[in-house]
1. Can you go through Ala16, Ala44 and tell me which one is out of contact with any helix residue (DSSP H, G or I) (no Cβ under 9 Å at 6 or more places or on another chain), open to solvent by less than 80 Å² (accessible area, probe 1.4 Å) and part of a loop (DSSP other than H, G, I, E, B)?
2. Kindly list the number of the only condition in (1) without any contact (Cβ under 8 Å) to a residue 12 or more places away in the chain; (2) open to solvent by 40 Å² or more (accessible area, probe 1.4 Å) that fails for Arg25.
3. Restricting the search to region 64-75, which residues are in contact with a strand residue (DSSP E or B) (Cβ under 8 Å, 6 or more places away or on another chain) and either of a type outside the set (S, T, N, Q) or farther than 11 Å from Trp3 by Cα (or both)?
4. Would it be correct to say that Asp4 is open to solvent by 40 Å² or more (accessible area, probe 1.4 Å), touching a strand residue (DSSP E or B) at 6+ places or on another chain (Cβ under 8 Å), of a type in the set (Asp, Glu) and not in a loop (DSSP other than H, G, I, E, B)?
5. How many residues, within region 47-58, are on the phi < 0 side of the Ramachandran plot and part of a loop (DSSP other than H, G, I, E, B)?
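The values are calculated or read from the model by the stated rules, or taken from the named source; none is laboratory data. Since the model is a prediction, treat every value here as computed from it, not as a measurement. For neighbour counting, all protein chains shown are included, and Cβ atoms are generated from backbone atoms with ideal geometry for every residue, glycine included. Ligands, DNA and RNA are stripped out before the accessible areas are found, and what is left, the full protein with its side chains, is counted by its heavy atoms. Shrake-Rupley method; radii C 1.70, N 1.55, O 1.52, S 1.80 Å.
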Amino acid sequence: MSWDHTMATETIDEWARSDGYVTIRKRKRTDGKFVLRLDKLEQAPGGRSYEQTIASDEEAADRICQSWQTKYKQE
């Protein structure tokens with residue numbers, strides 16, 4: 001499945017998997033760090049999953065988002 005970039009603002013980027021069951025959000029905090037959130041709905045194959053982490057900079061945040069997109073691409 002593919003990922004669609006569904007939101008882009010100065011502080012938030014969000015992607016949704018093409019089936020709509022998984023979303024990833026990257027939000028820039030006021031201290032310059034990034035909060036990353038993955039939310040997989042209960043209705044998705046394999047059931048619910050939720051992850052949240054903080055990255056120290058945007059490069060690290062983008063690596064985490066990319067790894068989640070890869071990990072949850074085929075589920």
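1. Ala44
2. Arg25 satisfies every listed condition except (1).
3. Ile64, Cys65, Trp68, Tyr72, Lys73, Glu75, listed by residue number.
4. So Asp4 fits the description; yes.
5. 3
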